[in-house]
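One structure is given below, encoded as structure tokens.
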Amino acid sequence: TEQPFDADGAWAASGQVNMQLLNQLLSEPFITTLPPKSTGRDLFNPSWLDKQLVGFESLLPKDIQATLTEFTAQACSSNVNQFAKQCQTLIVCGGGALNGQLMRRLQAALPGLKVCRSDTFGLPPLQVEAAAFAWLASKMIRRETASFKNVTGAQGPRILGALYPA
């Protein structure tokens, strides 16, 4: 339990999903918020988890981990099914792409889709965010628009970012 991450999801795979906790986690309002949206540690952080775990103090850590992994898979599945019905392939990047248990749970939750890692398309999962910011910087320097209404919510073409030389 003192590891920086769950290597290949082995810890989660050793636990049992607690359905009561899972249903509580899935009631998080962000899950049903309309796109465009983005979140991460700003919402899903230790403080958020501590609040969710009130009343579940008897759960084993491995069962909490299994439930959190299933929550991630179910939240993704819910959003794909609700907001991206035409989706045929879910491309996973970031640390979650290296978590075999999460990848298996995503595939189980989305049986009609191909679930694969970004390196299937030539971009290593841990480099996607850096590549995206490099692309955005390149667009800004060339004064090209980089906003897409369905992604950013912008009402029209926008040049994103700014350059502040020292």
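Is segment 102-160 rounded, prolate or oblate when judged by the Cα gyration tensor, a ≥ b ≥ c being the square roots of its eigenvalues, rounded requiring a/c under 1.5 and prolate requiring a/b larger than b/c? The shape class here is oblate.
Checking a compactness column here: for segment 37-96, what do you get for Rg(Cα) / (2.2 N^0.38 Å), N being the number of residues?
On the way: Rg = 13.9 Å, N = 60, 2.2 N^0.38 = 10.4 Å.
This ratio for segment 37-96 stands at 1.34.
Each of Lys114, Lys85 was scored by other Cβ atoms within 10 Å of its Cβ. Arranged with the fewest first, they read Lys85, Lys114. Per-peptide packing, taken as the mean over residues of other Cβ atoms within 10 Å, places 10-23, 62-75, 93-106, 36-49 in the sequence 62-75, 93-106, 10-23, 36-49 from highest down. Using all Cα-Cα distances in the chain, what percent lands in each 10 angstrom bin from 0 up to the longest? Pairs per bin, as whole percents: 9, 30, 35, 18, 7, 1. The separation of segment 117-166 from segment 55-116, counted between C-alpha centres, amounts to 25 Å.
The modelled label-to-label distance between Asn45 and Leu160, using points 7 Å beyond Cα along the C-beta direction, is 2.2 nm. For the modelled label position 7 Å from the Cα of Ser147 along Cα-to-Cβ, which residues of segment 11-37 have backbone nitrogen atoms closer than 18 Å? Only 35-37 fall inside the zone, counting backbone N under 18 Å. Mean silhouette area of segment 127-166, derived from the convex hull of its C-alpha atoms and averaged over all directions, reads 3.4 nm².
Values quoted throughout were computed directly from the atomic coordinates according to the rules given, and no laboratory measurement underlies them. Just so it is clear, the structure is predicted and the values come from calculations on it, not from any experiment. Positions of Cβ are backbone-derived with ideal geometry, glycine not excepted, and every protein chain shown enters the neighbour counts.
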